[in-house]
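Before any comments, here is the structure.
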Amino acid sequence: MRRVVSPDETLDLCRVLQALADPVRLGIVRQLARDGDSSCGALDGGRPKSTMSHQFRVLRDAGLVETWAEGTTHMNTLRRAALDEAFPGLLAAVLGATGG
């Protein structure tokens with residue numbers, strides 16, 4: 001299993017909040033929080049692949065998600081433990097305030 005991770009494992013609050021400010025990315029995070037690990041295809045909402053590649057890159061670069069390949073499928077997981085350790089209660093507050 002090949003992991004694709006953020007180039008910088010350090011979480012920065014401004015980058016995290018900026019990533020969550022976009023409704024598409026917030027929806028991805030909400031779905032991952034609710035459903036657990038999901039493929040990129042299950043999270044695309046019918047949007048073009050190029051658009052979603054950008055959205056996943058922003059989420060990875062901010063440290064919100066981790067992506068790995070399983071064969072030809074790219075899977076994603078929310079880095080909840082790392083986020084909760086770095087910013088206790090932040091993810092729960094954002095998801096709670098946005099109906100997630």
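Being of a type in the set (V, I, T) and touching a residue at least 24 places away in the same chain (Cβ under 8 Å) is the filter here, so list the residues in the stretch 52-92 that pass it. Can you show your working first?
Of all residues in the stretch 52-92, those of a type in the set (V, I, T) come to 58, 65, 67, 72-73, 77.
V58, V65, T67, T73, T77, listed by residue number.
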Could you say whether any residue in the stretch 40-47 is within 19 Å of A82 (Cβ to Cβ) and over 10 Å from the mean Cα position of the chain (by Cα)?
no
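Since every read-out is calculated from the coordinates, none of them should be taken as a lab result. None of these values were measured; they are calculated from a predicted model. Heads up, the Cβs are rebuilt from the backbone with ideal geometry, glycines too, and the neighbour counts pull from every protein chain shown.
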